[in-house]
1. Take the conditions surrounded by fewer than 21 Cβ atoms within 10 Å (Cβ to Cβ), at pLDDT below 85 and farther than 22 Å from B:D203 by Cα and apply them to B:L59. Does it pass?
2. Which one of the conditions (1) more than 14 Å from chain A (Cβ to nearest Cβ); (2) charged (D, E, K, R); (3) buried (at least 16 other Cβ atoms within 10 Å of the Cβ) does B:K8 fail to meet, given that it meets all the rest?
3. Restricting to region A:49-58, count the residues that are more than 8 Å from every other protein chain (Cβ to nearest Cβ) and open to solvent by 10 Å² or more (accessible area, probe 1.4 Å).
4. If I filter region B:64-83 for residues that are among the small types (G, A, S), modelled with pLDDT under 90 and open to solvent by less than 20 Å² (accessible area, probe 1.4 Å), do I get at least one hit?
5. Kindly indicate the residue of region A:29-48 that is part of a strand (DSSP E or B) and open to solvent by 10 Å² or more (accessible area, probe 1.4 Å) and also nearest to the other protein chains (Cβ to nearest Cβ) among those meeting that condition.
6. Grab the helices (runs of 4 or more DSSP H) fully contained in region A:75-148, keeping just those with 3 or more residues being more than 14 Å from chain B (Cβ to nearest Cβ).
7. Do you know which residues across region B:300-332 are hydroxyl-bearing (S, T, Y) and within 14 Å of chain A (Cβ to nearest Cβ)?
8. Looking only at residues that are at positive phi and without any contact (Cβ under 8 Å) to a residue 40 or more places away in the chain in region A:72-118, which one is surrounded by the fewest Cβ atoms within 10 Å (Cβ to Cβ)?
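The values are calculated or read from the model by the stated rules, or taken from the named source; none is laboratory data. Quick caveat, the model's predicted, so the values are computed rather than measured. Virtual Cβ from ideal backbone geometry, glycine too; neighbours counted across all protein chains shown. Side chains included, ligands, DNA and RNA excluded: accessible areas come from the protein's heavy atoms. Shrake-Rupley method; radii C 1.70, N 1.55, O 1.52, S 1.80 Å.
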Amino acid sequence: MLIELSGVSKIYNQGRANEVRALSDIDLGVEQGSMVCLKGPSGSGKSTLLAIIGCIFPPTSGRAAIAERQLARLPDRFLTLHRRETIGFIFQRFNILPELTVLENITLPLLPLGVPPKERRQRAQELLARFAISHRARFPAGQISGGELQRVAIARALINNQPIILADEPTAHLDTALSREFMEIMQQLKEAGKTIVIASHDPLVFEHPAIDRTVTIQDGRIHVP
Amino acid sequence: MAQRNLEKQLNILDYALSSLWRRRLKSLSVLLVFAAVIFLLASFQMVTKALSDKAREVLVHTPEITLQKMSVGRQEAIPLAYRDRLAGIFGIRRVVPRIWGYYFDEVRLANYTVMGMAVEEMPDGARLDTALASGTMPGPAGQGLVAIGQSIKKALALEGRTTFSLFRPDLSLKAFEVSGEFSPDTDILTNDLVVMNLADARDLFAIPAGLVTDLCVYVANPQEIDTIAKKISETMPSVRVLTRPQIQKTYQVVFGWRSGFGSICLLTALAAFVILAWDKASGLSPEERREIAILKVLGWQTSDILVVRFWESVIVSGLACVVGMTAAYIHVVYFAASLFRPVLMGWSVLRPDLHLLPRLAAGDILLTLAFTVIPYLAATVIPAWRSATVPADSALGG
């Protein structure tokens, strides 16, 4: 298993008056090269689960191993280092910085890694060509279309060749055609060996044939029908 | 590894530069205000330094010891006969009489400094001509001849003329002819000066024969100025003894006090700016929060974001420092510190047209940096910690 969660819980503001239990006793395994969809309504805990898989914060309790590394009690600094090497993120609304150019947005994850400018440009150009948006490289990201923006976000998630791709409600603000195109690209990435976890409650995503497994989250627990 | 780390720092610096460029309007306005504060502070510092240096340079030509008679706490004329009492003090090279007074020009509402000198008796009398831009110093035989400072020439609107008249106390007119003009380089002391021979000064101020305002004492060994001054004080208790180092110190204190007064006012402005910068750096717009959260999810450490903020502040304050100090240098050298002349030169109508050339010592530059850049860095980088600790998960949906 590339992602292995066992008895994972997450409590925000533990011990305080505003304590919130976001996840309870989650067991989840994701095999390398598979595509899993986390399904559930808003506030169900999908994003928290994605954040734990994405090494953004460790679980409050339970065991979480991502790419053979235990996350529990790992300091923030090491979580970040692990995230850099392992996880590529695609956000809701894609979270592209509109004032930066497409090229600058794609290469953002490489800056703290000390990748020289020439190599950064070269890697970004390869991805831009792969997603057919080379002509937009020097455009400010705020001036390109929704479909192009989506490809920029995917290119950014792949720039460091991480083995795991996490997508948080990626189709929430896309029309049907673009949602389909997104899932086609995800299918290609899966075929190329990437492990993909998508949090979504869009039927176009969780009913897509490339999805190997759909996990329903409800009130912070895995819901078994 | 070291190469990778260097590349990382260069990448972060590159990002900080692009971040400043993206917010160029805000960055430019902060830079301009900060540069203005540095310009004011550095101008004050440079002009004080230049004035002090200039005063020290020019005062080298003044007598080593000046004697004035005091009575009930006020200065009065000193008898020439006092020279005889000084004859017994070992180490005195020469005692030269001088008449020094002020002439108030009621038409121009300006005070002129009038000095009657016995140039022929002064040890370096012949060298005084070097202080002139043209002509010669008035000698004992040159009755009615004067050497004048640059502002006097302008105030009297002499232009092509060389003659003018001043009133005696009985309101009769005394005519003068300009025999020399002081060089602008000596403006700090000669700007409002009219030098004539002793007899003409005595006639102009109606000072009785046998009396002068000062006795200038020249000593054989400058190392012994203080010792000889002490001996004179002991010999003649009613005489005020002023040494050249004391006069130099007085100039330093006057400029230092005025500069300090101005600097305190400007430091208040700097403090207000720093508080504003702190306030601005403490607040975080939704766009900034989002950007930081995205960077953190993409693998940026809190320390990387702090380094970005640090570089942004260093670039803004460094540029502001270069702009402010360059502007201050231009202001002092090419515009004779016109903004601060009333504060530093007094409120006289005849203000010198100074040609100042401040020496840029590393210590002074470091002092300006310490008072400006360091508080700005502290005011912007410390609160940036709060912004850099925005949790990465705030970039994710609910």
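1. It is true that B:L59 is surrounded by fewer than 21 Cβ atoms within 10 Å (Cβ to Cβ), at pLDDT below 85 and farther than 22 Å from B:D203 by Cα.
2. (1)
3. Looking only at region A:49-58, we keep the residues that are more than 8 Å from every other protein chain (Cβ to nearest Cβ), and these are A:49, A:52-53, A:55, A:58.
Now restrict to residues that are open to solvent by 10 Å² or more (accessible area, probe 1.4 Å): A:58.
The qualifying residues number 1.
4. Looking through region B:64-83, none of the residues is among the small types (G, A, S), modelled with pLDDT under 90 and open to solvent by less than 20 Å² (accessible area, probe 1.4 Å).
5. Ranking the candidates gives A:K39 first.
6. Values: elements: A:76-86, A:102-107, A:117-130.
Per the criteria, A:117-130.
7. Our first condition is that a residue be hydroxyl-bearing (S, T, Y); within region B:300-332, this holds for B:302-303, B:313, B:317, B:326, B:329.
Hits for region B:300-332 are B:T302, B:S303.
8. In the first step, residues of region A:72-118 are kept if they are at positive phi; the result is A:73, A:93-95, A:114.
Those left that are additionally without any contact (Cβ under 8 Å) to a residue 40 or more places away in the chain: A:73, A:114.
Numbers: A:R73: 8, A:G114: 17.
By that ranking, first place goes to A:R73.
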